[in-house]
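Student: Structure incoming, see below.
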Amino acid sequence: MASKVRVRFAPSPTGYLHVGGLRTALYNWFMARRHGGTFVLRIEDTDRARMVEGATENLIRTLEVCGLKQDEGPYLQSERREKHLACAYELIEKGYAYYCFCSKERLEEVSKNQQLNKQPVMYDRHCRDLDRTTAENRAAVGDEHVIRLKAPLEGSIVMEDLIRGRVEIPWAQVDDQVLVKSDGYPTYHLAATCDDHDMEISHVIRGEEWLSSLPKHLFIYQAMGWEAPQFAHLPLLLNPDKSKLSKRQGDVAVEEYLAKGYLPEALVNFVALLGWNPTADREIFTKEELAALFDITKVNKGGAVFNREKLDWMNAEYIQALPMDEYLRRLSEGGFLPEGIEQERAARIVKARLVKFADARELIDEAVNALPYEAPALVWKKSDAKIAKARLEGVRAWLEGKDETWFADVPRMEEETRAWIAEKGWSNGDTLWPLRVALSGREKSPSPFELMFVAGKIETLVRVDAAIKKMQ
RNA sequence: GGCCCGUUCGUCUAGGGGUUAGGACAGCGGCUUUUCAAGCCGUUAACAGGGGUUCGAGUCCCCUACGGGCUACCA
């Protein structure tokens, strides 16, 4: 790789961090970490009309939650406007850009006709050959104008992409792109190119949607006499129907996943493996491990469907791996843990079956609160009412003799109770089933030992008594 | 419409001329089991199609089909 790796993540502040954006950020971060480089954050806020209040702060916060802290920045592109404009004027000076005074109406007219005649839709270069001095005077006087790139008319450009290899695009296809808008702000093409050069970016890693405008960017580098960085255009993230991942077909914002209680580590792990994988029969990696193995040239060319089922699986894996106190802390800080001692105990036993934190409330509720039920529910399928009642009475006497601390130790409760059942010559089924239903009121539930742990001694006995009474 | 990019199990992918085409998620089956979940074991399932090149193509080339991106004074 180049001697000094400098990469950047350059989102526009449109309100939230898109999961595709997260992956782009991640790959840039990997690249920086892998080569001892610098990860720069730049906010592309040149479109004043699309600015969203608080979006930038939110973007930075979300990246940080995901463990992606920039080494440099954030730079605000809007604050670098003077540099961009200077660049535009230099391009005009060198004959690689020009003033354009065409009205929006004329432009619409032109493209309408092109569409009708099945011609490629692009600017007809009406102002391309205006006399420069005249144009400059008009501009100085305040005539509304834009500045356009003076793209070559013939031949084609051959480009080298780290992921796709050689790409060739005929210049006839490349429009005289607007570089400076009539509001005096630069467009992405000018600003990004200019900034990437200024910030000495060595590798531009961005979404595939930019591939077709790469000729314009390369042309600017060349016209300015700058050395161009290397480029890598990432494949898109897709909906299940293979269209570009969009809001309509499910969540696309990282914030939404976080709000649902997906762990940032899990989301990062999952997203990182969409389009690239370190060639190992393994799925769970920390981002540091991934960074150490990262190779931009091994990134897939084809788009990847964002498969939520696998995300769920992976998130559950991460929850399982969390130490209990860490798990409770995060659950609580995320606002997913209802108040109460039983609730906290339930949170403990529910951890193993939790897919995402947002599901915790319901699972906890099921573990804490018993449902109303009818007496027949207490009878195990291979048993009968008489046995069920006898077992319940036996269990009650057994539990009566235990102290509160005994109920705080699930493995011990289970071990000793099973031994006791065996000693009695009873079966686990005809004993444990009635106990479990007595405690939960449900056909399906956590184990009776877990439920006793949640309920505590007093409440356990109350529920067992109630069950016995139902059997009268 | 034009230009560009892409195409291995349903999904994420491994694979860079010689493989029984491997793994993961989901699915299915079984084991375990007081229920559910988990866990463990097993299993279904793919090189888009057609031409080349080659002794030999998932791997290289071409064509077609399909999908996607761009085609803004948005990024």
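Student: Residues being buried (at least 16 other Cβ atoms within 10 Å of the Cβ) and either over 19 Å from A:LEU258 (Cβ atoms) or touching a residue at least 60 places away in the same chain (Cβ under 8 Å) (or both): count how many of those fall in the stretch A:332-346.
Tutor: Final tally of qualifying residues: 8.
Student: Here's another thing I want to ask about it. Of the conditions (1) touching a Lys or Arg at 6+ places or on another chain (Cβ under 8 Å); (2) closer than 18 Å to A:LEU22 by Cβ; (3) outside any loop (DSSP other than H, G, I, E, B), A:ARG61 satisfies every one except a single condition; which number is it?
Tutor: Result: A:ARG61 passes all but (1).
Student: Next question, about the same structure. Out of everything in the stretch A:252-305 that is within 25 Å of A:GLY37 (Cα to Cα) and in contact with a Cys (Cβ under 8 Å, 6 or more places away or on another chain), what residue ends up being surrounded by the most Cβ atoms within 10 Å (Cβ to Cβ)?
Tutor: Taking the candidates together, the pick is A:VAL268.
Student: Scan the stretch A:367-377 residue by residue and report those that are assigned to a helix (DSSP H, G or I) and touching a Lys or Arg at 6+ places or on another chain (Cβ under 7 Å).
Tutor: A:ALA375
Student: Next question, about the same structure. Can you go through A:VAL7, A:VAL52, A:VAL40 and tell me which one is of a type in the set (A, V, I, L, M), assigned to a loop (DSSP other than H, G, I, E, B) and over 17 Å from the mean Cα position of the chain (by Cα)?
Tutor: A:VAL52
Student: Give the residue, chosen from A:THR460, A:THR431, that is modelled with pLDDT of 95 or more, more than 44 Å from the chain's Cα centre (by Cα) and crowded, with 17+ Cβ neighbours inside 10 Å.
Tutor: A:THR431
Student: Another one. Among the residues of the stretch A:133-147, which ones are charged (D, E, K, R) and within 8 Å of RNA strand B (Cβ to nearest atom)?
Tutor: A:GLU144
Student: If I filter the stretch A:390-444 down to residues being assigned to a loop (DSSP other than H, G, I, E, B), in contact (Cβ under 8 Å) with a residue 60 or more places away in the chain and out of contact with any Pro (no Cβ under 7 Å at 6 or more places or on another chain), which single residue comes out as farthest from RNA strand B (Cβ to nearest atom)?
Tutor: Within the stretch A:390-444, the match that is farthest from RNA strand B (Cβ to nearest atom) is A:ARG442.
Student: When you go through (1) within 14 Å of RNA strand B (Cβ to nearest atom); (2) over 26 Å from A:ALA352 (Cα atoms); (3) touching a residue at least 60 places away in the same chain (Cβ under 8 Å) one by one for A:GLN249, which number turns out not to apply?
Tutor: So the condition that A:GLN249 fails would be (3).
Student: Can you name the condition, by its number, that A:ARG148 falls short on among (1) over 21 Å from A:GLU90 (Cβ atoms); (2) at pLDDT 95 or above?
Tutor: Result: A:ARG148 passes all but (1).
Student: State which residue is farthest from RNA strand B (Cβ to nearest atom) when the search covers only the stretch A:99-119 and only residues that are over 26 Å from A:GLY184 (Cα atoms) and basic (Lys, Arg).
Tutor: Checked the stretch A:99-119; the qualifying residue farthest from RNA strand B (Cβ to nearest atom) is A:LYS112.
Student: Restricting to the stretch A:216-230, what's the tally of residues that are in contact with a Phe, Trp or Tyr (Cβ under 7 Å, 6 or more places away or on another chain) and under 14 Å from A:PRO152 (Cβ atoms)?
Tutor: 1
Student: Name the residue, out of A:ASP325, A:ASP295, A:ASP281, that is more than 8 Å from RNA strand B (Cβ to nearest atom) and more than 26 Å from A:LEU451 (Cα to Cα).
Tutor: Going through A:ASP325, A:ASP295, A:ASP281 in turn, the sole match is A:ASP295.
Student: How many residues does the stretch A:306-330 contain that are surrounded by 14 or more Cβ atoms within 10 Å (Cβ to Cβ) and either hydrophobic (A, V, I, L, M, F, W, C) or over 25 Å from A:ASP251 (Cβ atoms) (or both)?
Tutor: 8
Student: Ok, one more. Here is a check on your reading of the model: is A:THR62 surrounded by 17 or more Cβ atoms within 10 Å (Cβ to Cβ) and farther than 23 Å from A:ASP198 by Cα?
Tutor: Judged against the criteria, A:THR62 is a match.
Student: I'm trying to understand the selection: among the residues of the stretch A:345-366, which are in a helix (DSSP H, G or I) and either touching a Gly at 6+ places or on another chain (Cβ under 8 Å) or charged (D, E, K, R) (or both)?
Tutor: Selection gives A:ARG345, A:ARG348, A:LYS351, A:ARG353, A:PHE357, A:ALA358, A:ASP359, A:ALA360, A:ARG361, A:GLU362, A:ASP365, A:GLU366.
Student: Okay, next question. Is the stretch A:40-59 home to any residue that is within 17 Å of A:ILE205 (Cα to Cα) and away from RNA strand B (no atom under 12 Å from the Cβ)?
Tutor: The answer is yes; a qualifying residue exists.
The values are calculated or read from the model by the stated rules, or taken from the named source; none is laboratory data. Here the structure is a predicted model, which means the values were calculated and not measured. Glycine also receives a Cβ, built like all others from the backbone with ideal geometry; neighbour counts cover every protein chain displayed.
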